[in-house]
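The values are calculated or read from the model by the stated rules, or taken from the named source; none is laboratory data. This is a predicted model, so every value here is computed, not measured. Here Cβ is always computed from backbone atoms with ideal geometry, including for glycine, and neighbour counts include all displayed protein chains.
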Amino acid sequence: MPLRIGLVSITFRKLSPAEIIALVKQTRLTGIEWGGDIHVPHGDIKRAEEVGRMTREAGLTISAYGSYYDGKEGLSFGPVLDSAVALGAPLIRVWAGKKGSAAAGADDWSRVIDGTRKNAGAAAAAGLQIAFEFHANTLTDTPESCVRLLQGINHPAVRAYWQPPVGAAPADCLAGLKSVLPWLSRVHAFHWENGQRLPLANGTMGWAPYLNILRQSGMDGYVSLEFVRDDSPQAFLEDAGTLADWLAGGGNDARIAEKISGK
């Protein structure tokens, strides 16, 4: 199945689900990853059912439930899973703790590994997967630590997200992407330079080889826009057009990727 494209709803935290759906319908994007902090709060089953119904009635798919579950002691995974099921999401995004891999001790690793195995079992029983966000200040803050964690958990229902680390060189990003490919299920797309959000089109030289690798890998998942200039709907519409063109081959990304690799 070809790569699919969508939006991460927390890109527009100030907009309602209905407004976000209307925006996405103006584009060629096909899915929405609904956030668990604002749009579909953990444990609010009625809201999850309502947003899931609205999304499907609009002809869109639910790519994931973007929870902010981080395994903190005393925090239950149950309401997160219940909301994801009610929403109709196939996958739950989670965080690998809240401590960077360099600072984490053996207890931190064990807590995330053991807790994730338990949660993965519950998710799998409900027909869902869980996936770690590739994020700073967590145990997936480097490609090496992400692979270590996934290998340590070793559960078929546990997958990974990827996004280019802000400030990293494209070659380093590409190497990191390749290392997590065996577990990869979702990708978040944006383009930043020096901490500033820029048009996605400005990132063609970076994203071209990323998308080429994703195509070659056969990844069956979504590439979803996250963060746009000034949280602007117009900027989103422009970035959505860029992403759709890239995935359709309109951006000649395969040709650019070959040029970068020297072929």
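Picking from residues in the range 79-96 that are over 22 Å from Phe134 (Cβ atoms) and touching a His at 6+ places or on another chain (Cβ under 8 Å), the one that is surrounded by the most Cβ atoms within 10 Å (Cβ to Cβ) is Ser83.
The one condition from (1) among the hydrophobic types (A, V, I, L, M, F, W, C); (2) assigned to a helix (DSSP H, G or I); (3) in contact with a Phe, Trp or Tyr (Cβ under 8 Å, 6 or more places away or on another chain) that Ala235 does not meet is (3). Quick check: anything in the range 45-57 surrounded by fewer than 21 Cβ atoms within 10 Å (Cβ to Cβ), assigned to a loop (DSSP other than H, G, I, E, B) and either of a type outside the set (Val, Ile, Thr) or free of Cβ contacts under 8 Å to residues at least 60 places away in the same chain (or both)? No: the range 45-57 contains no residue that is surrounded by fewer than 21 Cβ atoms within 10 Å (Cβ to Cβ), assigned to a loop (DSSP other than H, G, I, E, B) and either of a type outside the set (Val, Ile, Thr) or free of Cβ contacts under 8 Å to residues at least 60 places away in the same chain (or both). Residues of the range 148-171 that are within 21 Å of Ala123 (Cα to Cα) and in contact with a helix residue (DSSP H, G or I) (Cβ under 8 Å, 6 or more places away or on another chain): Leu149, Leu150, Gly152, Ile153, His155, Pro156, Ala157, Val158, Arg159, Ala160, Trp162. Within the range 223-232, the residues that satisfy the criterion of being closer than 15 Å to Gly66 by Cβ and buried (at least 22 other Cβ atoms within 10 Å of the Cβ) are Val223, Ser224, Leu225. For the criterion of being surrounded by 22 or more Cβ atoms within 10 Å (Cβ to Cβ), farther than 19 Å from Val51 by Cβ and either among the hydrophobic types (A, V, I, L, M, F, W, C) or in contact (Cβ under 8 Å) with a residue 24 or more places away in the chain (or both), Gly152 fails. Name every residue in the range 58-70 that is farther than 20 Å from Leu237 by Cβ and assigned to a strand (DSSP E or B), in order of residue number. Hits for the range 58-70 are Ile62, Ala64, Tyr65, Gly66.
Given the condition crowded, with 23+ Cβ neighbours inside 10 Å, in contact with a Pro (Cβ under 8 Å, 6 or more places away or on another chain) and either in a strand (DSSP E or B) or not charged (D, E, K, R) (or both), answer yes or no: does some residue in the range 98-118 qualify? No; the residues of the range 98-118 include none that is crowded, with 23+ Cβ neighbours inside 10 Å, in contact with a Pro (Cβ under 8 Å, 6 or more places away or on another chain) and either in a strand (DSSP E or B) or not charged (D, E, K, R) (or both).
Restricting attention to the range 215-253, the residues that are out of contact with any Pro (no Cβ under 9 Å at 6 or more places or on another chain), modelled with pLDDT under 95 and of a type in the set (A, V, I, L, M) total 2. For first residues located in the range 185-208 and modelled with pLDDT of 95 or more, partners that are of a type in the set (Asp, Glu) and part of a loop (DSSP other than H, G, I, E, B) and lie 6+ apart or on another chain with Cβ distances below 7 Å form the pairs His188/Glu226; Ala189/Glu226; Phe190/Glu226. Taking the conditions (1) surrounded by 14 or more Cβ atoms within 10 Å (Cβ to Cβ); (2) of a type in the set (A, V, I, L, M); (3) in a helix (DSSP H, G or I) in turn, Ala171 satisfies each one other than (1). Number of residues in the range 71-91 that are assigned to a loop (DSSP other than H, G, I, E, B) and either modelled with pLDDT of 95 or more or closer than 17 Å to Pro17 by Cα (or both): the value is 4.
The sole residue among Ser67, Ser63 that is buried (at least 22 other Cβ atoms within 10 Å of the Cβ), closer than 30 Å to Asn194 by Cβ and under 17 Å from the mean Cα position of the chain (by Cα) is Ser63.
Could you pull out the residue among Asp239, Asp220 that is acidic (Asp, Glu), surrounded by 17 or more Cβ atoms within 10 Å (Cβ to Cβ), under 15 Å from Ile5 (Cβ atoms) and in contact with a strand residue (DSSP E or B) (Cβ under 9 Å, 6 or more places away or on another chain)?
On the way: Asp220 fails: surrounded by 17 or more Cβ atoms within 10 Å (Cβ to Cβ).
Exactly one residue qualifies, and that residue is Asp239.
A search for C-beta distances below 8 Å between a residue of the range 62-75 that is free of Cβ contacts under 8 Å to residues at least 40 places away in the same chain and any residue that is basic (Lys, Arg) and part of a strand (DSSP E or B), counting only pairs 6+ apart in sequence or on different chains, returns Tyr65/Arg93; Ser67/Arg93.
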